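Worksheet: one structure, shown below.
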Amino acid sequence: MSDLSDATPLLARVYPNGVADVNHFHAAGGMGFLIKELLESGHLHEDVKTVWGDGLSNYTVEAKLLDDKLSFEQSPAESALPKVLTSTKTPFQPTGGLKLLTGNLGRSVIKVSAVKPEHRVVEARARVFHGQEGLQAAFKAGELTGDVIAVVRFSGPKALGMPELHKLTPALGVLQDRGHKVALLTDGRMSGASGKVPAAIHMTPKRSMAARSARSATAISSASMPMKAR
C-alpha cells in the first residue's frame, strides 16, 4: 500500500486535505476525470474485468438523465476546478497520501496528504491514554498545555472492537492551532478523520505497544514521525 502510494500522484484536494467537499470534486470532473487521467498516464491498467465489464475506461464517463433517458457522456478533458482536481501533469504532489511508519513500537499507517510539512516530524513527551475518552477528559481539564504525542492504546479490534476515534481530532487540532507540536499514536482506526494532525494508526503488534507504553511513557518520549520511514 505504501509503495503504491509512493508511485501515485496526488490529484485531488478534498476535505480534510482541502476546503472542497465531494460536490466540488464531482463538479470539477469527478471520478470519470480522475480515472481517465490515471489510465492515460499509466497508473491504472485497462486490461481488467469489473462488474461493468472489461476495462476501466468504462468508468471514464458520467451518467446523466437527458429527456428522461439514461445517457453516458465522456468526462471533461480538463478539470473545471484545478484547485480541487488536477491532472497527472500538474499534481498537487508527486506521491499519494498514505505512508508506512516503522519504529521501536512496531508498524503503523499514516495519512499525510492533509498534514502540512512543518507538522510531519514531531518530537515531544508522550502521554498514554487507555481510550479516546481519557484524552478528551484530560483536554477538558486543561491538562494538555504543551507539545505532546498522545498514545491511545487498547482501541484495536481485539480490545473493544476498534471504534472510530474521530473524537480525538478536535482536541488535538486545537492544541496544534495553539502552536503546540502534537501527534497521535494508536492501535485503533480513524476513517479519514485525522485531518491536519499526524496520526499513526493501526499500530501493530498490539502487545508490544501495550507493554512498552505501560512500562514507561518516556519509552517514546522522543518519538518522531518522519514521513519517509519504512
Can you find a residue that is under 16 Å from residue 34 (Cβ atoms), out of contact with any Asp or Glu (no Cβ under 9 Å at 6 or more places or on another chain) and modelled with pLDDT of 90 or more anywhere in the range 107-122? no
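Listed here are the residues, each with its yes/no results for (1) part of a loop (DSSP other than H, G, I, E, B); (2) over 27 Å from the mean Cα position of the chain (by Cα).
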site	(1), (2)
38	no, no
42	yes, no
45	yes, no
58	no, yes
63	no, yes
70	no, yes
73	no, yes
Note: among 128, 109, 115, just one is assigned by TED's automatic domain parsing to the domain that holds residue 183, assigned to a loop (DSSP other than H, G, I, E, B), touching a residue at least 40 places away in the same chain (Cβ under 8 Å) and β-branched (Val, Ile, Thr), namely 115
Against the condition assigned by TED's automatic domain parsing to the domain that holds residue 183 and not basic (Lys, Arg), how does residue 35 come out, does it pass? no
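The values are calculated or read from the model by the stated rules, or taken from the named source; none is laboratory data. No experiment lies behind these values; they were computed from the predicted model shown. Cβ: placed from backbone, ideal geometry, glycine included. Neighbour counts: every protein chain shown.
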